1. Applying the Karplus parametrisation 6.51 cos²θ - 1.76 cosθ + 1.60 with θ = phi - 60° to the phi angles of the stretch B:3-16, what ³J(HN,Hα) value in whole Hz is obtained for each residue in order, glycine and proline being reported as x?
2. Calculate the mean, over all residues of peptide B:243-252, of how many other protein chain Cβ atoms lie within 10 angstrom of the residue's Cβ.
3. Using a 10 Å cut-off around each Cβ of peptide B:225-238, what is the average number of partner chain Cβ atoms that fall inside?
4. What FRET efficiency would be calculated for the residue pair residue B:314, residue B:135, taking the C-beta separation as r and a Förster radius of 45 Å, to the nearest 0.05?
5. What number do you get for the stretch A:21-160 when its Cα radius of gyration is normalised by 2.2 N^0.38 Å, N = residues?
6. Using a 7 Å offset from the Cα along the Cα-to-Cβ direction at both residue A:44 and residue A:345, what is the distance between the two label points in nm, to one decimal?
7. By DSSP, what percent of the beta bridges with both residues in the protein assembly as shown are antiparallel, rounded to the nearest 5?
8. What's the average, rounded to a whole number, of partner chain beta-carbon atoms within 10 Å of each residue's beta-carbon in B:76-85?
Number of protein chains: 2
Amino acid sequence: MSRFLSSEASRLNPYTPGEQPQDQLYIKLNTNESPFPPSPKVLEAVSQEEIGKLYLYSDPACTVLNAAVAKRYHLQSENVLTGNGSDEILAFAFRAFCGEGRDVAYADITYGFYTAQSALFGLKETIIPLREDFSLNVEDYLEFPGTVVIANPNAPTGMTAPLPGIRRLLERDPNRVVIIDEAYVDFGGESCVPLLKEYENLLVVQTMSKSRSLAGGRVGFALGSAELIADLNRVKYSFNPYNINRLSLLAGAAAIEDEDYFQACCKAVQETRSWTVKALKTLGFTVLPSCANFVFAKSDRLSGETLYRRLKDRGILVRWFGRERIRDYLRITIGSQKQMEALIEAAAALLKEGN
Amino acid sequence: MSRFLSSEASRLNPYTPGEQPQDQLYIKLNTNESPFPPSPKVLEAVSQEEIGKLYLYSDPACTVLNAAVAKRYHLQSENVLTGNGSDEILAFAFRAFCGEGRDVAYADITYGFYTAQSALFGLKETIIPLREDFSLNVEDYLEFPGTVVIANPNAPTGMTAPLPGIRRLLERDPNRVVIIDEAYVDFGGESCVPLLKEYENLLVVQTMSKSRSLAGGRVGFALGSAELIADLNRVKYSFNPYNINRLSLLAGAAAIEDEDYFQACCKAVQETRSWTVKALKTLGFTVLPSCANFVFAKSDRLSGETLYRRLKDRGILVRWFGRERIRDYLRITIGSQKQMEALIEAAAALLKEGN
């Protein structure tokens, strides 16, 4: 921190993304990317002709992309805001719906970005611990007077919060915004999108980084009532009106229109996840029930840190958070079947080696 | 504004980007895009193979792009931050270097985004009017105790602030950050980049949207001391660590490496600008001295609003701001020679028509 930094910025709590080492070819199971390339329709959409148009600004209203997302979810364009990844959308939502007299609440074990963004806007955060078994019980949020953010499925646990509970939360205070971060919902979670027609205080945030194989394209979206979306646009136009580049607008629209490819990818990830969970359990791992494209698991024989480091030595990257309550857990992305076989083989060898 | 909006967000002052009508093919001289396509090297860099890698996250450290920018300006990578357009970088800088006890100052007639971003972070802005002739006199800023932002060349006037004045501003208070927004500098302005070696309180912000024909790619960059850049990264990692997508990282690096193409484009724009200024003056326009890829001009016969509307009726879009001091001025982007000939022809016809 330099002498030039504002006091607000000195209180920031920056997020640490999963490591991207360049020194060796790793099996990368640490940032929840898809093991599958983007849809062939994405490669068609990002044509040389379109690349040649990069001298023109992108459409700040993201008209075509928003319409494609709206169509996929049986909504109107006024119910959609697209962003430069869902992280950007979350930042817009934190600014729009939290502030003086509107605190924000989320779980102790959840996506680390929420706390970074609270610090960015100087928000008062209320941390509501997950239950002993890492389940999120919506009862714990019912009386909280501010904005609630729930990752569902949660990260890094992969566990889901049941919809009836979320419905109660939405109904308890119709003036309170509930943000459901569904980054991982397509791998077996239950989406709140059908509730949008009933509750105008519900904002659903999704991303194309995981289930639509576009992590490097940076496209996320929010679905909500026209009122909430207009509020988010107010922030967007104060921050960065041309927030999505031309090629990602095209890639995102092509990806969301290729429903068959999307379904096939999600199904394959779920099948590989089932195989991986079974294999890990056979090795004596405790594995939380996952509806995401990752599993959260701990060994009964080696610490999380030891496993993380030794897997890395063997060329396999997984995510270890090294913090209270989850110190012995690893978050392991579901890669290809072959990658997961390599993981299981390495884990088995490490457990055999012992301490 | 909905009942859900935070009080902070209700005080926002969103920016209105130049219109992008879809109903007709316009000659678009309203958003300062380049009339030239991106470098052929950009088309090579964004290959089908690279598009196929969109399932992987982009490099959050922007290593390759930052190195390319650093090399071009004879700096180190630690002196560079790249962003999703320079608007994003300006937002990071406003958060990093302004806040409680650090107000921000800029001109009354300048890039409209500064005031939007001040509102975004709840900053106290001090507006320092340009002189009567629209020149920015650095004397007017010397005693201001907070962060100073100067667009140089200024938008929408196109006029430059002389470097000796900026040097005095940097020296007067070494603890005060001076942000020089050089979005248009490549068209004949004098860059502050050579001053970076002398002043660690100087931040230079540039964009690839204009002189490097990448408006639709959304790539901007900041150049400054390692301390200032580290501060900006602190904000970036609190907001959106993967802020640039994979394809724009490649496009940006390719664009900045093609020096010959860049020089040729800048030269062509300056030649067309000279022609345009002369032609406008012949028609009786007052034209401010421009070092940018646009001119700011007013007619002695028709109001700014009338000219704007009638040019639009004839299929030519220019930017009219309709605010105090500049109500009769139009900001006209320098397009291709052919486009400018069409503009002059239309303007001549409108002046002949009269009121």
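1. 5, 8, 5, 5, 5, 4, 6, 5, 8, 5, 9, x, 7, 9
2. Mean partner-chain Cβ count within 10 Å for B:243-252: 5.
3. Numbers: counts 2, 1, 5, 3, 1, 3, 9, 2, 1, 8, 7, 2, 9, 15.
Mean number of neighbouring Cβ atoms from other chains: 5.
4. Details: r = 33 Å, r/R0 = 0.73.
Step by step, r from the Cβ atoms, then E = 0.85.
5. Taking the Cα Rg and dividing by 2.2 N^0.38 Å, one obtains 1.33.
6. Simple spin-label model gives 3.8 nm for this pair.
7. On the way: 36 of 70 bridges.
Taking every DSSP beta bridge with both residues in the protein assembly as shown, the antiparallel ones total about 50 percent.
8. Numbers: counts 0, 0, 0, 0, 0, 0, 0, 1, 9, 8.
Mean partner-chain Cβ count within 10 Å for B:76-85: 2.
We did not get these values from a lab; they are worked out from the coordinates using the rules stated. The shown structure was predicted, so the numbers you read here are calculated from the model rather than taken from an experiment. Here the Cβ is made from the backbone with ideal geometry for all residues, glycine too, and neighbour counts use every protein chain on show.
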